[in-house]
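The values are calculated or read from the model by the stated rules, or taken from the named source; none is laboratory data. Just so it is clear, the model here is predicted, and its values are computed rather than measured. Using ideal geometry, Cβ is built from the backbone for each residue, glycine included, and neighbour counts are taken over all protein chains shown. Note: areas computed on protein heavy atoms with side chains; ligands, DNA, RNA excluded. Shrake-Rupley method; radii C 1.70, N 1.55, O 1.52, S 1.80 Å.
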Amino acid sequence: DACGSTIGANRNALLLATAGDMVFSADDDTVCRVARAADSRDALALVSGADPTEFRFYPDRDAAARSASHVDTDLLAVHERLLGRSLASCVAAAREAGEPDLDQMGPRLFQSRESGAGRVLVTMNGLVGDSGMGSPRYFLALQGPSRERLVASEAAYTAAFESRAVVRAARRPTICDAPFCMTGFVGLDARGLLPPFFPVQRNSDGIFALTLRTCFADGYFGFLPWTLLHAPAEKRSFTADDLWRKSEGLRTADVLLACIGACEAGSATLSDGERLRGLGRRLTALGSLEPGEFEEFLRLQLWRRAAAYAAALETLLRVHGESPRFWADDVKRTLDTLRAALPKEDYAVPRDLLAGRDAEEARALTRRLVLKFGQLLAAWPDIVDAARCLRDNGRRLVSPV
């Protein structure tokens, strides 16, 4: 079935073509104009459970680009400061730039660092220009300096929800265990096993991040205080409805994230490959359920995720005293929209599968995609081994161009 974007499938081809290597990938609408993030520092931080990037908002892409001071530097060397390295070696190397910040390091990171097993498998630099985001709803829950910039004035706030122009980057080299990943500019340590991407539709990188977090007990994400330019050929902006549309319905990626979040991959004593196979078997079983059983399971998981999101927004309303009013009004409208959408019969039908299909056809395709992704996860370690074996015998899957 035609399911729209196949970016995830392209990334899987890249993983197989580079099995055994460390690789840097950049989208075809990006420009190699390297800049340091504003107010950046060299001291390393280890952070648990939070997106370490900060936002700066601009009225248009040109204004965002002008804010960056470009420098001549080796971008691959920047990624290699973290990519493929153990947590212990990253911490030791970083001490020359200052004592690492470990205040936000949780138990998982601590244990991985102490055991020597923890390793940075994915690295990301920041971006200047188009945000690459499908919706501005993420902005409602921003904290710290990003929120201060967002709500500095009603005019600034309104502009942020219309323009997609931002600078987004970590302020320091950061190792993180939160399942956050945007693959516009990404380093991948494919010398060992990495999970596959969900082959179709948007946010395959978000699914990749949660799969890695679920199955790779000692795998981590690295964020770098450097930026590159994201400059799609067409002009992009958020529409007036983009903020609410995500609360009114869901996308295919939301289904996969809910299903993966509800599954156990297996004991932490198992290998990464065994855990990946275990998650694959569980997703395959979910996708094999009868339609009514699958929908009941999916609705329960979606309601749980929605309840957690609503609780987080309500907490922010209390913390900030429902101020400023223009922000609080949007948060309340988001909560109202979400509460109204959840009981609807077709809420669990991904809207990005409805093009050319009725709701029942989209429901059937949703189950099939969950099943097929489960089968891909279960087979992926063997597929990667086969690609590596072909390479060792001088037969690569791609040819240089």
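Confirm whether ALA50 is open to solvent by 30 Å² or more (accessible area, probe 1.4 Å), part of a helix (DSSP H, G or I) and at pLDDT below 95.
no
Given the structure, is VAL34 out of contact with any Gly (no Cβ under 6 Å at 6 or more places or on another chain) and not in a helix (DSSP H, G or I)?
yes
Conditions tested, residue by residue: (1) touching a Cys at 6+ places or on another chain (Cβ under 8 Å); (2) among the basic types (Lys, Arg); (3) modelled with pLDDT under 95; (4) open to solvent by 50 Å² or more (accessible area, probe 1.4 Å).
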{"site": "GLU264", "(1), (2), (3), (4)": "no, no, yes, yes"}
{"site": "ALA285", "(1), (2), (3), (4)": "no, no, no, yes"}
{"site": "LEU316", "(1), (2), (3), (4)": "no, no, no, no"}
{"site": "GLY321", "(1), (2), (3), (4)": "no, no, no, yes"}
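Might you let me know whether segment 331-343 holds any residue that is more than 27 Å from the chain's Cα centre (by Cα) and open to solvent by 70 Å² or more (accessible area, probe 1.4 Å)?
The answer is yes; a qualifying residue exists.
Which ones in segment 287-309 are touching a residue at least 40 places away in the same chain (Cβ under 8 Å), open to solvent by 20 Å² or more (accessible area, probe 1.4 Å), under 15 Å from ALA364 (Cβ atoms) and of a type outside the set (Gly, Ala, Ser)?
Correct list: LEU289, PRO291, GLU295.
Taking interchain pairs and intrachain pairs at least six residues apart, which have beta carbon atoms under 6 angstrom, with the first residue in segment 14-36 and touching a residue at least 24 places away in the same chain (Cβ under 8 Å) and the second assigned to a strand (DSSP E or B) and open to solvent by 60 Å² or more (accessible area, probe 1.4 Å)?
ARG33/HIS70; ALA35/HIS70
Which pairs turn up if I take residues in segment 357-372 that are free of Cβ contacts under 8 Å to residues at least 60 places away in the same chain and look for partners that are open to solvent by 30 Å² or more (accessible area, probe 1.4 Å) with beta carbon separation below 8 Å, at least 6 apart in sequence or on another chain?
That search, which allows pairs on different chains as well, returns ALA359/ASP346; ALA362/LEU354.
Only residues that are open to solvent by 10 Å² or more (accessible area, probe 1.4 Å) and touching a residue at least 12 places away in the same chain (Cβ under 8 Å): list them for segment 213-234, please.
Passing the criteria: ARG213, THR214, ALA217, ASP218, TRP226, LEU229, HIS230, ALA231, ALA233.
Every residue in segment 139-150 that is of a type in the set (Gly, Ala, Ser) and surrounded by fewer than 17 Cβ atoms within 10 Å (Cβ to Cβ), please.
Correct list: ALA141, GLY144.
Can you tell me how many residues in segment 179-194 are at pLDDT below 95 and either in contact with a Pro (Cβ under 8 Å, 6 or more places away or on another chain) or acidic (Asp, Glu) (or both)?
Counting residues in segment 179-194 that are at pLDDT below 95 and either in contact with a Pro (Cβ under 8 Å, 6 or more places away or on another chain) or acidic (Asp, Glu) (or both) gives 0.
Tally up the residues in segment 74-92 that are surrounded by 14 or more Cβ atoms within 10 Å (Cβ to Cβ), within 17 Å of ARG41 (Cα to Cα) and without any contact (Cβ under 8 Å) to a residue 60 or more places away in the chain, please.
Adding up the residues that qualify gives 1.
Please work out if LEU210 is touching a residue at least 12 places away in the same chain (Cβ under 8 Å) and within 24 Å of SER267 (Cβ to Cβ).
Yes: the conditions hold for LEU210.
Scan segment 75-122 for residues that are among the charged types (D, E, K, R) and outside any helix (DSSP H, G or I) and report the count.
Residues meeting the conditions: 6.
One residue is enough: does segment 66-73 have a residue meeting the conditions open to solvent by less than 50 Å² (accessible area, probe 1.4 Å) and farther than 30 Å from LEU243 by Cβ?
Yes, that holds for at least one residue.
Being at pLDDT below 95 and not in a loop (DSSP other than H, G, I, E, B) is the filter here; which residues of segment 225-250 pass it?
SER237, ASP242, LEU243, TRP244, ARG245, LYS246, SER247, GLU248
Taking segment 151-165 on its own, how many of its residues are open to solvent by less than 40 Å² (accessible area, probe 1.4 Å) and either among the aromatic types (Phe, Trp, Tyr) or touching a Ser or Thr at 6+ places or on another chain (Cβ under 8 Å) (or both)?
Count: 5.
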